[in-house]
Amino acid sequence: MQITCLHTAQVHVQSFEKLFRNSGYNGKLDHVVRADLLDRARADGVAAVATDLRAAVGQTGPSDAVLCTCSTLGPLVDDLARTVPHLLRIDRPLMEQAVQVGGKVLVVICLASTQAATLDLFGAIATQTGCDPTHDLLLCDQAWPLFEAGDVDGFGRAIAHAVKAALMADPDVAVVVLGQASMTAAEPHLADIGMPVLSSPQLAVDRAMEIARS
């Protein structure tokens, strides 16, 4: 069995390696890092990297599952998945769970470039499942430079601070959804908020293993 992860940041290699191994996966695990795809998608729009993403996926070899860990590239991944069924966008299992929780959802992201992709997926899954959750979006773009600088703990704390401020302003929120894989750094700092905090990496790892086994 072989699973390939396609990342847009080197930092994800170690974290996903650990997640897969801790989840009992003992097959071959490859990582491809293409930071240029996210850089260009942010600068020129997601459509600008469609051809290069297709080529990158085509170069993953005989993988039983390919997991793209970049939320910004999600719509392109969905397009490719129509002909590459073993390809998974990282936030799909997350949003599937989020719409099922019930109550108001606070969707949190750190990059404006992923906003449309994240909310479109949330809405599409809600429609497909017959759910009708309300949601708000929280953009923590002030935290992203900390991630880029390698200050992962500071990044997580900044997100948590913004989330807690948003919850104080809106007590109707029932679940917090961390929309990007990197944002799991905020989870330890949100353990005391008294509501579910959902993130994508573990859910996506579990789904990728299901795909690979099938």
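No lab work stands behind these numbers, since they all come straight from the coordinates. Here the structure is a predicted model, which means the values were calculated and not measured. Quick reminder, even Gly has a Cβ in these numbers, built from the backbone with ideal geometry, and neighbours come from all protein chains shown.
May I ask you to evaluate 6.51 cos²θ - 1.76 cosθ + 1.60, the Karplus curve with θ = phi - 60°, for each residue of region 70-77 and list the ³J(HN,Hα) values in order in whole Hz, giving x for glycine and proline?
9, 5, 4, 7, x, x, 5, 4
Mind giving me the FRET efficiency for Lys18 and Asp151? R0 is 22 Å, r the Cβ-Cβ distance, nearest 0.05 is fine.
0.65
Using a Förster distance of 45 angstrom, determine the FRET efficiency expected from the C-beta separation of His161 and Ser214, and round it to 0.05.
0.65
Which of Cys110, Cys70, Cys131 moves most in a GNM of the chain, Cα contacts under 10 Å?
It is Cys131.
Give me the dipole magnitude in Debye, nearest 20, for the chain about the Cα centre, with unit charges on the beta carbon: positive for Lys and Arg, negative for Asp and Glu.
460 debye
So, counting K/R as plus one and D/E as minus one, what does the shell of residues with Cβ under 10 Å around Ala65 add up to?
0
Convex hull volume of the Cα atoms in region 107-207, per residue, in Å³?
Expressed per residue, the convex hull around the Cα atoms of region 107-207 is 107 Å³.
For His135, list long-range residues whose amide hydrogen, built 1.01 Å from N in the peptide plane, is under 5 Å from its own amide hydrogen.
Val105
So, with +1 on the Cβ of K and R and -1 on the Cβ of D and E, and no other charges, what is the size of the charge dipole of region 1-119 about its Cα centre, to the nearest 20 debye?
Computed about the Cα centre, the dipole is about 180 debye.
Quick check on the chain: helices-only [θ] at 222 nm, where DSSP H runs of length 4 and up contribute -39,500 (n - 2.57) each and the sum goes over total residues. Nearest 500, please.
Helix-only estimate at 222 nm: -14000 deg cm²/dmol.
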